[in-house]
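The structure appears right after this line, and notes come after that.
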Amino acid sequence: MELVKEQIINFEKIGSSQLGFITVAEVQKNIPFEIKRVYWTYYTPQDVIRGGHAHKELKQFIFAVSGTIEFNTENLKGYKNTFILDSPEKGLYIPELVWRDIKFTHSAVLLCLASEIYDENDYFRDYNDFKSYRK
Ligand code: TYD
């Protein structure tokens with residue numbers, strides 16, 4: 001599968017409301033990169049905006065396994081988007097070079113599947129540095 005731009009993908013929701021559900025993320029099936037790192041964030045207060053960065057190389061698939069998470073994104077062409085993750089089967093694909101600001105409901109748990117190990121040098125943490133970057 002090839003994904004080129006930031007978008008929400010509806011993953012399969014296996015099960016029923018009687019028995020509960022399972023959703024699967026699997027490399028080469030519905031995840032378009034080798035997963036090198038997984039992290040999750042939680043207990044973010046409602047009034048905090050996280051993110052505030054972009055990545056040079058990193059690709060991510062992000063889920064709200066609980067609660068609701070709002071992403072405001074902007075790519076280098078200036079295209080802005082708002083994505084709402086409000087159900088565990090929705091995955092937000094974010095390729096490299098996308099700025100994001102993130103808001104959480106208090107109970108929200110963000111699960112991230114990442115294509116690279118952690119590298120602070122892969123971050124743009126300054127918006128103007130990001131916007132003036134040319135590949
Ligand atoms: P950051 O990516 O800035 O988080 P957010 O976008 O959610 O605000 O990371 C927050 C802190 O956690 C920062 O000090 C770096 C550290 N961190 C790691 O050490 N390893 C990781 O894999 C990640 C994602 C963050």
Next item on the list: Report the full-extension gain for the segment Ser16 to Lys131: residue separation times 0.36 nm, less the Cα-Cα distance, to one decimal in nm.
Entry: 36.9 nm
Checklist line | Pairs from Lys13/Lys103; Lys5/Lys59; Lys36/Lys59; Lys56/Lys80; Lys36/Lys135; Lys80/Lys135 whose Cα-Cα separation, in the structure shown, is over 22 Å | finding: Lys13/Lys103; Lys36/Lys135
Checklist line | In nm, spacing of pseudo-spin labels at Ile9 and Tyr39 (7 Å Cα→C-beta vector) | finding: 2.2 nm
Notebook entry, point to check: How do Val98, Val4, Val24 rank by accessible surface area computed with a 1.4 Å probe, from largest to smallest?
Noted result: Val4, Val24, Val98
Check: Between Val65 and Tyr123, what is the spin-label point distance in nm, taking each point 7 Å from the Cα along the Cα→C-beta axis?
Finding: 2.3 nm
Margin query: So for each of 38-47, 53-62 I average, over its residues, the number of other beta carbons within 10 Å; can you give me the resulting order with the highest mean first?
Written below: 53-62, 38-47
Margin query: Using only the alpha carbons of the chain, what is the convex hull's orientation-averaged projected area in square nanometres?
Written below: 8.5 nm²
Note to self: Along the Cα→Cβ direction, 7 angstrom out, place labels at Glu2 and Asp47. What is the inter-label distance in nm?
What the structure shows: 4.7 nm
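The values are calculated or read from the model by the stated rules, or taken from the named source; none is laboratory data. These figures come from a predicted structure and were not determined experimentally. Positions of Cβ are generated from backbone atoms using ideal geometry, with glycine treated the same way; all protein chains shown enter the neighbour counts. Heads up: the accessible areas ignore ligands, DNA and RNA and are worked out on the full protein's heavy atoms, side chains in. Shrake-Rupley method; radii C 1.70, N 1.55, O 1.52, S 1.80 Å.
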